[in-house]
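Everything below concerns the one structure shown next.
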Amino acid sequence: MGTVLQHLTAAKSSGRKLLAVLIDPDFGQDEVRLERTVQNACMAKADLIFVGGSLLTSAAFDRCVELVKHWSSKPVVLFPGSPSQLSAHADAVLFLSLISGRNPELLIGHHVVAAPTVKALGLEAIPTGYMLVDGGRTTTAHYVSQSSPIPHDKPGIAAATALAGELLGLRSIYLDTGSGAPRSVSPEMIAAVRATVDLPIIVGGGIRTAEQARQLCAAGADVLVVGTAFEEDPERIFAMSEAVHG
Ligand code: 1GP
């Protein structure tokens, strides 16, 4: 098996869209619920499992990732909100630089703290330009990052930001309106970024319906990330999975 980045790049090249289910690490406090969640994600043919969050309220992050990996037949990818969210049990970590913001800690500071641990754990790091986009209200990601999101109706800013990330050598772009946002990133913004960069594009935040998933994939998203909708109604992921896999 190749690396997770090779998996993303190959899927992008072949036009095969991927679905990632985001698991909140605080789920680890309820192992029965966590097992059911991971099994549902695998049954619904999710391609990847992301684990992470902007704010962690439980201490058992490593144990949660260990359990997710144990129950999952899919690659487990960390989506860390801080340098403490690292675990050797994962297959890879999105090494996120918040390029939509101007908070130096999230552009390079946390990376300096995390880098030795990432290396020591032998984790595959996927250099990712993380872009927060306004999705209709302040989400935890916006608040915790202390950064201004890109306006929802400014695809040009998103495209220029993604291009800067590509020229800096980043290997994927993640457009996110934040967990539980009322609106997802617009198809127009995804299309503008798609027309500008050649990197795999990950899109998350506020994706709730199969129709939305279909539109965002058609606009050029390569990976869709669904968290809240899956938590609210695990059954919904089946229809979304069908929409993504077309
Ligand atoms: C958040 O992209 C993820 O960072 C998922 O968002 O919880 O709204 O699906 P949702």
Practice item. Could you tell me which numbered condition M43 fails, if it satisfies all but one of (1) open to solvent by 20 Å² or more (accessible area, probe 1.4 Å); (2) closer than 22 Å to Q6 by Cα? Key: (2)
**Study point:** From A44, A20, A60, A10, residue being small (G, A, S), in contact with a Phe, Trp or Tyr (Cβ under 9 Å, 6 or more places away or on another chain) and more than 13 Å from the ligand (Cβ to nearest atom)
**Key:** A44
Study note, to complete from the structure: L22 passes all but one of the listed conditions (1) under 18 Å from the mean Cα position of the chain (by Cα); (2) in a helix (DSSP H, G or I); the exception is number (2)
Review point. Is it the case that the range 91-106 has a residue that's open to solvent by 50 Å² or more (accessible area, probe 1.4 Å) and within 16 Å of the ligand (Cβ to nearest atom)?
Key: yes
Check your understanding: If you check A46, A41, A11, which single one turns out to be in contact with a strand residue (DSSP E or B) (Cβ under 7 Å, 6 or more places away or on another chain), in contact (Cβ under 8 Å) with a residue 60 or more places away in the chain and in a loop (DSSP other than H, G, I, E, B)?
Key -> A46
Review point. How many residues, within the range 70-88, are outside any loop (DSSP other than H, G, I, E, B) and surrounded by fewer than 20 Cβ atoms within 10 Å (Cβ to Cβ)?
Key: 2
**Study point:** Leading residue by the ranking (farthest from the ligand (Cβ to nearest atom)) among those in the range 232-246 that are part of a loop (DSSP other than H, G, I, E, B) and surrounded by fewer than 17 Cβ atoms within 10 Å (Cβ to Cβ)
**Key:** G246
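The values are calculated or read from the model by the stated rules, or taken from the named source; none is laboratory data. A quick note: this is a predicted structure, and the numbers were derived from the prediction, not measured. Every residue, glycine as well, gets a Cβ built from its backbone with ideal geometry; the counts of neighbours run over all protein chains shown. Areas reflect the complete protein model, heavy atoms only, side chains present, ligands, DNA and RNA absent. Shrake-Rupley method; radii C 1.70, N 1.55, O 1.52, S 1.80 Å.
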